[in-house]
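In what follows, a single structure is set out as structure tokens and then discussed.
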Amino acid sequence: MKSTTLASLLLTPLAAALLASCSSSPSAHATTPVSHATRIADGAVVAVDRSTQKVRLQLVSPKIVHVTVAPDGNFDLPASLMAVKTGGDGSFSLDESGDDVVLKTSALEAHVSTKDGAVRFTDAQGKPILAERAGGRTFAQTTVEGKPFVAIRQRFESPDDEAFYGLGQHQNRQMNYKGEDVELAQHNMDAGIPFVVSTRNYGLLWDNNSITRFGDPREYPLAGQTLKFYDADGKEGGLTARYYTGDTLKATRVEREVNYAYIKDLTTWPAEPTAKKTDRVVWEGSFETVSSGEQKFRLYSSSYAKVTIDGKVVYDDWRQNWNPWYHNIRLPMETGTKHTIKIEWKPNEGYIALYHLDPQPDAEQRDLSMYSEVGHAVDYYFVAGSNLDDVVSGYRTITGKATMLPRWAYGFWQSRERYKTQKEIVDTATRYRKLGLPLDNIVEDWSYWPENAWGSHEFDAARFPDPKGMMKQLHDMHVQLMISVWPKFYPETKNYKELDAKGYIYRRNVEKGERDWIGTGYLNAIYDPYAKEARDIYWRQMQENLGVLGIDGWWLDASEPDIHSNLDIAERKLRMGPTAQGPGAAFFNSYPLVHTTGVYEGQRASAPDRRVFILTRSSFAGQQRNAAATWSGDVVSRWSNLHDQISAGVNFSLSGIPNWTTDIGGFALEPRYEKPGAADLKEWRELNLRWFQFGTFTPLFRSHGQFPYREIFNLAPKGSDVYESLAWYDRLRYRLMPYIYTLAGDIWQDDGTIMRGLVMDFPNDTKVRTIDDEFMFGPAFLVAPVHEYGARSRMVYLPAGSDWYDFQTGKRHAGGTTIDADAPLNRMPLFVRAGAIVPVGPAIQYTGQKPDAPITVYVYPGRNGSFSLYEDEGTNYGYEKNASSHIPLTYDDASHTLHIGERQGSFPGMVEKRRFRVRQLGENARPGVDFEAKADKEVEYTGQAVTIQL
């Protein structure tokens, strides 16, 4: 059971009332006897009239209430995977009046209706915050692999002016989720985190591990099931499908569905031409809807696809053939009207399907609704806050503090798919150093092992003859190595055999004879991390083969897990189980959490003084406690995909997990870039540069992808505009390290967020709510990436509530305005908030270089400001024991003075004396950024307070 005892559940109403009257409570009045509510140590259990349902409220903190509704009244439920704190706070009062049971804290009230069990939340003054809809809770009995479960849904009322964010990483360019449908189902590019935050300053953490849907609870069916299709001649029954080899039409037939979604669906391909010989497929005809309203389409596709409805192109894009993804299309339509449709596709052994859902009633579509396929009870946490930072802090109270990453993790990462030899790795790091391009980390991707030994965690001796020597060479250059480690094993490896002997291998993939894409193909399987013994074995195998070499970071790839790409969901559920805790379907989204838990806990035990760093392709609630950052998967080299990354990264950060990154340039290459002509080469370089400029201002700064190689010196020749701009942004990242590492420190110290949605800092400006291509990088910088080819300016909205300075020119702009911002090829629009204080360091080649160098403090006038410069040792866990320091900086705009406060805290190796150089920027002072410009004032700081007149 969760944070309660059987004895406390069996308290009589009279005993509960007596206990309540003796308990500490923020309320001065005595609790009246109750007839529906039984008090427990940290809350109450409320019986619902004429129902077997019971509602349990558990207080996590005065601002956080854990709500559990058991359909049969039984709270003997499995322990939460995501939550580390499920209750435990006894500071509340409990009252019942009429049909209302009220739990009160100093910060909020939670009301439960004894008529139907609906829960609502208000602030301490009774102002409504969130309420379940009457009748909005449903349970549907279901059976999974012979075991009983329930599918669950909970609806909440939502006013029209509310906006929603979070939910993980979803690359459909959705920023505000109000009225949207979002499916949480782990995928190569999709990270489902069931935590949603609201502009009403609350969050909802939905404690369920199965596939979950925000918005419409229905699964999107194939379009032919909900639409009337007509062929090219107007006959009802399907669309006319034409298959071409070259320009030759090979087959024509009427198809009820556009459906080559998964491997199993490819069996319906025409006999001639075969899938491999088909160059183009065109579906054409028309359709009618069966209900009026905004129709919801999803195109699931890879390779080149184009959709035209009523003569208007609504989708035209490319994805790599083995990694299809969804694109949402919304169109208003009326019944009784035919709409023409044309779908053009170049298969290249890819996948495609068209899905459609009839609209929900608008009121229901705009509700806050959570649905999960498999569960035991409605189980969620309500988190109240004074702002969204407060709400994110509440999420981490429940799921665990975000541990600090090593300082070097915030430097530049160079990666490629892949360095094939030891020499390639060392040569790459050496060249960065010779060119004076800052670098902290290099990455070894997959297949460093012998071809037939995936899962051995061993280097192929023919290509990597001296891994330990390689590590020494890198460390001597102050370069760290991260290495790819998968949860995948070949059956002939001793590691597989050890795990399998204990029952910790998902065998179905092997039993089905599934072979991967390496050489002629090898049988393979994924291990089961849901047992602690399995996690311990997995870590020991890593440590014995890789950890002993001094590997610095762990790239846990395919952590969804991706057992075999393009299996249908039903088959995926079977192949990712049964787990040690139950069917795969019941734990569909939680694999990356338990997988990273084993590695994090393993390294903390093996090397307690060395910070863990994990990069993982998927993420789940609570993963921040495992030192796990997430990247956005195998995205593609398209301008549209660059645009998609912005809202994906912002919403991921709003989900409570602070460290995120993307493959700069796009992982997978559109074919025209593989052997580009002059025009395509020019676009390729510009795409990488614009992505690099954006990446400079993401929490982790990392370049990765397939050939052509992504090293700065391989992207463009030295001396070219592209090369010089890439180098400038690389160096800018390192100049900003005092600022960036303070943001990293705030993650632990204050539950901070680095990549910030505009709604976090400008909650009163409703114009920012749907902007999907701007964000804040910490408190100072407004980032506006360029995501269109050839653009040399872009429209930028500057939020109200502050004036803004152009980082390059120093020009001041009023907030609440939209400007056409200059965006020359070598620079991205970047603005600094008035009142910002930005500490800037020296020119360095790695993050640990020159720790005692002077720091320049940039002050942007126009309003008062503050910043607290954070420092610690950088690689150990001393910060957990307060071995760190803060130097408070405050600016008074009226007197134009900067106050450097007394240093707070200390740590071994701390620089006791430091020179601060102060510059006041802006068009009325010194315009723009010039790192070598003379300071306005300089001061020798010894830890004592000093005030500087500017």
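Quick rundown of the values:
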quantity	calculated
Segment 493-516, residues that are assigned to a loop (DSSP other than H, G, I, E, B) and touching a Ser or Thr at 6+ places or on another chain (Cβ under 9 Å)	THR493, TYR506
Which numbered condition ARG540 fails, given (1) surrounded by fewer than 19 Cβ atoms within 10 Å (Cβ to Cβ); (2) over 21 Å from GLY503 (Cβ atoms)	(2)
Any chance ALA232 is more than 26 Å from VAL768 (Cβ to Cβ), under 23 Å from the mean Cα position of the chain (by Cα) and surrounded by fewer than 23 Cβ atoms within 10 Å (Cβ to Cβ)	no
Residue list for segment 315-330, restricted to those being free of Cβ contacts under 8 Å to residues at least 60 places away in the same chain and either touching a Lys or Arg at 6+ places or on another chain (Cβ under 9 Å) or within 23 Å of VAL254 (Cα to Cα) (or both)	TYR315, ASP316, ILE329, ARG330
Set TYR395, TYR371, TYR355: member being touching a Pro at 6+ places or on another chain (Cβ under 7 Å) and not assigned by TED's automatic domain parsing to the domain that holds LYS276	TYR371
Qualifying residue in segment 304-321 (condition: among the acidic types (Asp, Glu) and assigned to a loop (DSSP other than H, G, I, E, B))	yes
Strands (runs of 3 or more DSSP E) within segment 812-884 that include 2 or more residues surrounded by fewer than 20 Cβ atoms within 10 Å (Cβ to Cβ)	817-822, 865-872
Residue that is surrounded by the fewest Cβ atoms within 10 Å (Cβ to Cβ) [pool: residues in segment 543-571 that are among the small types (Gly, Ala, Ser) and either at pLDDT below 95 or under 29 Å from GLN480 (Cα atoms) (or both)]	GLY550
Spans of strands (runs of 3 or more DSSP E) in segment 235-298 with at least 2 residues modelled with pLDDT of 95 or more, of a type in the set (S, T, N, Q) and surrounded by 18 or more Cβ atoms within 10 Å (Cβ to Cβ)	280-289
Among the candidates GLY87, GLY126, residue that is in a loop (DSSP other than H, G, I, E, B), without any contact (Cβ under 8 Å) to a residue 40 or more places away in the chain and out of contact with any Phe, Trp or Tyr (no Cβ under 8 Å at 6 or more places or on another chain)	GLY126
Index of the failed condition, LEU481 passing every other in (1) in contact with a helix residue (DSSP H, G or I) (Cβ under 7 Å, 6 or more places away or on another chain); (2) outside any strand (DSSP E or B)	(2)
Selection count, segment 322-368, where residues are part of a loop (DSSP other than H, G, I, E, B) and closer than 26 Å to GLU157 by Cα	6
Residues of segment 500-524 that turn out to be under 19 Å from MET542 (Cβ atoms) and free of Cβ contacts under 8 Å to residues at least 40 places away in the same chain, as a count	4
Filter result for the condition that a residue is touching a helix residue (DSSP H, G or I) at 6+ places or on another chain (Cβ under 6 Å) and either exposed (fewer than 15 other Cβ atoms within 10 Å of the Cβ) or without any contact (Cβ under 8 Å) to a residue 12 or more places away in the chain (or both), over LYS468, LYS497, LYS532, LYS472	LYS468
Criterion (touching a Phe, Trp or Tyr at 6+ places or on another chain (Cβ under 8 Å) and under 20 Å from TYR395 (Cβ atoms)) met by exactly one of HIS66, HIS111	HIS66
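To keep it simple, each residue is scored yes or no on (1) at pLDDT 95 or above; (2) farther than 21 Å from GLY705 by Cβ; (3) within 29 Å of the chain's Cα centre (by Cα); (4) surrounded by fewer than 24 Cβ atoms within 10 Å (Cβ to Cβ).
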site	(1), (2), (3), (4)
GLY400	yes, yes, yes, yes
SER415	yes, no, yes, no
LEU435	yes, no, no, yes
ASN441	yes, no, yes, no
TYR448	yes, no, yes, yes
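Listed here are the residues, each with its yes/no results for (1) at pLDDT below 95; (2) in contact with a strand residue (DSSP E or B) (Cβ under 9 Å, 6 or more places away or on another chain); (3) closer than 24 Å to ARG173 by Cα.
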| site | (1), (2), (3) |
| --- | --- |
| SER301 | no, yes, yes |
| ARG319 | no, yes, yes |
| MET333 | no, yes, yes |
| GLY336 | yes, yes, no |
| LEU354 | no, yes, yes |
| SER393 | no, yes, no |
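For (1) without any contact (Cβ under 8 Å) to a residue 60 or more places away in the chain; (2) within 29 Å of the chain's Cα centre (by Cα), each residue gets a yes or a no:
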| position | (1), (2) |
| --- | --- |
| ARG794 | yes, yes |
| PHE807 | no, yes |
| ARG833 | yes, yes |
| ALA836 | yes, yes |
| GLY848 | no, yes |
| ALA853 | yes, no |
| PRO861 | no, no |
| LEU869 | no, yes |
| TYR877 | no, yes |
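The values are calculated or read from the model by the stated rules, or taken from the named source; none is laboratory data. Just so you know, these numbers come straight off a predicted model, no measurement behind them. Don't worry about glycine lacking a Cβ; one is built from the backbone with ideal geometry, like all the others, and counts go over all protein chains shown.
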